[in-house]
Amino acid sequence: MSRGAGAGAVLLFPGAGSGRDHPALVAIERALAPLPVARADFPYRREGRKAPDRPPKLIACVRDEAAALADRSGIDPAAVVLGGRSMGGRMCSMAVAEGLPAAGLVLIAYPLHPPGRADKLRVDHFPDIKVPCLFVSGTRDPFGSPDELESRTAAVGGRVTHVWIDGGRHELKGADEGVAEAVSAWVGGL
């Protein structure tokens, strides 16, 4: 993979029910080598709790981990690509919408709305995202269909790329290598 001018390191967070060692995140780290990649857990996971904290605490964690990665890697914080699976990616997108600098966002299985609750959209912050975004989702994800996701991501202020995993549901079971390849190709083009 050739390094893009805008990507100096990548920070990845898991979804609500898993940890930093989720196979998809590990596969992405391998695919991005030698680019520095950090896989981080949210505080509730580190403390052994199952229920996620409220968004302000999760977003503060994203900010802290991004600053630490930039410092360790000796790069400008704006050269860090942020993202992750489901809730992890969503928290990164909210942090960037609130002003956290980033080279881009990698949003895997973005939870557009709870299953069966298309009226509970998680998109209010989309217009405030001004960086390139990669959305990797399954075509059968109950958290948001391709049509729903494409219509809502049109509000994002940065360039949006969609990669669809055919037949994939929210967990994208069996698609780790395909997800990693998509992320690697996209990050390499920044």
Inset, instruction - State the dimensionless ratio Rg/Rh of segment 96-189 (Rg: radius of gyration of Cα atoms; Rh: Kirkwood radius). - result: 0.95
Legend entry - Straight-distance crosslink candidates among lysines, where the alpha carbon sits under 25 Å from Lys57 and sequence neighbours closer than 8 are dropped: Lys120, Lys130
Legend entry - Hull-based mean projected area of segment 62-137, where the convex hull spans the alpha carbons, in square nanometres: 4.9
Inset, instruction - Kindly rank 178-187, 125-134 from highest to lowest mean number of other beta carbons found within 10 Å of each residue. - result: 178-187, 125-134
Legend entry - Likely footprinting exposure, Ile165, Ile108, fewest C-beta neighbours within 10 Å first: Ile165, Ile108
Legend entry - Whichever aspartates and glutamates have a C-alpha closer than 12 Å to that of Lys173, once near sequence neighbours (fewer than 8 apart) are set aside: Asp141
Legend entry - Local electrostatic count at Gly83 - Lys and Arg +1, Asp and Glu -1, tallied over other residues with Cβ under 14 Å: +2
Legend entry - Cβ crowding within 10 Å averaged over residues, with 84-91, 23-30 ranked highest first: 84-91, 23-30
Inset, instruction - Provide Thr139, Thr153 in ascending order of the number of other Cβ atoms located within 10 Å of each residue's Cβ, fewest first. - result: Thr139, Thr153
Inset, instruction - State the volume of the convex hull built on the alpha-carbon positions of the chain, expressed per residue in Å³ and rounded to an integer. - result: 104
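Laboratory data are not the source of any read-out in this text; all were calculated from the coordinates shown. Not measured: the values here are computed from a predicted model. Positions of Cβ are backbone-derived with ideal geometry, glycine not excepted, and every protein chain shown enters the neighbour counts.
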